[in-house]
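Rule-based calculations on the coordinates, nothing more; no lab input. Keep in mind it's a predicted model, so treat the numbers as computed, not measured. Because the Cβ atoms are built from the backbone with ideal geometry, glycine has one as well, and the counts that use them run over all protein chains shown.
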Amino acid sequence: MSLQPPIAPGAPDLCTFVVTDIESDGHNPLESSMLSFASVAVDVTGKVISEFEAVLNPRADRVPDPNTMAWWATQPEAYKWATTNPEAPEVVMPRYADWVESLPGFRVFAAAPMIFDGPWIDHYLWAFAGTRVLGGPYKTRQIFRGGGICLYTMAGSLRGAEYTKWGMQRVPPEWYGHIEHTHRAIDDARGFANVLAKLFEISGSLPYIEATESMYK
């Protein structure tokens with residue numbers, strides 16, 4: 001089981017944000033396969049610490065979704081990136097878990113949206129590496145801390161947009177560092193990492209209110 005490094009008294013918590021994008025041949029990790037994924041590890045300023053990219057063999061016990069495959073047919077270049085030189089997930093996922101553990105401080109998973117990319121990585125980590133995307137009171141290997149970050153939610157709320165206008169396509173292109181969303185996992189993860197850094201910049205300008213124990217009595 002991984003133990004998180006101690007933080008010196010009075011020192012700020014050091015976090016590494018693992019911004020991740022996945023590509024799949026369906027919508028449900030219990031039915032279809034993850035084809036590829038990539039993670040960009042950044043600090044709170046957006047400085048890139050390390051990157052990880054992998055292409056996976058489709059699982060023999062899963063079936064591609066016809067509608068997803070019809071969409072892939074319209075994205076031949078992206079599909080090539082998602083399927084070229086695949087490796088077995090039972091080889092890739094332990095290597096990925098080791099890479100996450102090599103990152104400094106508390107590792108925090110981030111995706112846009114969390115509800116899509118998160119379950120895929122969580123399921124594959126649990127199935128092939130015995131660990132989870134979520135940190136918690138589990139008697140298993142802990143490589144991430146907390147519940148992670150949904151960029152979709154963070155971007156919508158910090159922009160002050162109404163819920164129906166929270167889509168990532170509404171985020172200004174400069175927030176992505178003008179990185180095109182190509183559906184190649186590493187390209188998309190890099191763009192989302194830039195968005196996260198911008199969101200932290202915005203949140204740093206807002207007043208900070210620290211909760212106290214008395215508030216919950």
Using just the alpha carbons, could you tell me how many Å³ per residue the convex hull of region 14-108 encloses? 110
Taking amide H positions as placed in the peptide plane 1.01 Å from N, state which residues far from HIS183 in sequence (5 or more) or on other chains have amide H under 5 Å from it. ASP188
The simple spin-label model distance between TYR138 and ASN67, using points 7 Å out along Cα→Cβ, in nm, is 2.9
Reduced to Cα centres, the span from region 112-129 to region 177-201 in Å works out to 19
Taking the Cβ of each residue in SER32, SER24, SER50 as the centre, tally the other Cβ atoms inside 10 Å and list the residues starting with the fewest. SER50, SER32, SER24
Tell me which DSSP H helices of the chain clear both cut-offs, 24 Å or more of axial length from alpha-carbon atoms and a mean Kyte-Doolittle hydropathy of at least -0.5. 185-204
Mind computing the radius of gyration and Dmax over the alpha-carbon atoms of the chain? Å is fine for both. 17.9, 58
So the FRET efficiency between ILE115 and ASN57, C-beta based with R0 = 22 Å and rounded to 0.05, is 0.30
Applied in sequence order to region 161-178, the curve 6.51 cos²θ - 1.76 cosθ + 1.60 (Karplus, θ = phi - 60°) yields integer Hz couplings, x standing for Gly and Pro, of 7, 5, 3, 5, 10, 8, x, 5, 5, 8, 6, x, x, 5, 5, 7, x, 6
For LYS198, LYS139, LYS165, order by how many other beta-carbon atoms lie within 10 Å, fewest first: LYS139, LYS165, LYS198
Multiply the residue gap between GLU87 and HIS181 by 0.36 nm, knock off their C-alpha separation, and tell me the result in nm, one decimal place. 31.4 nm
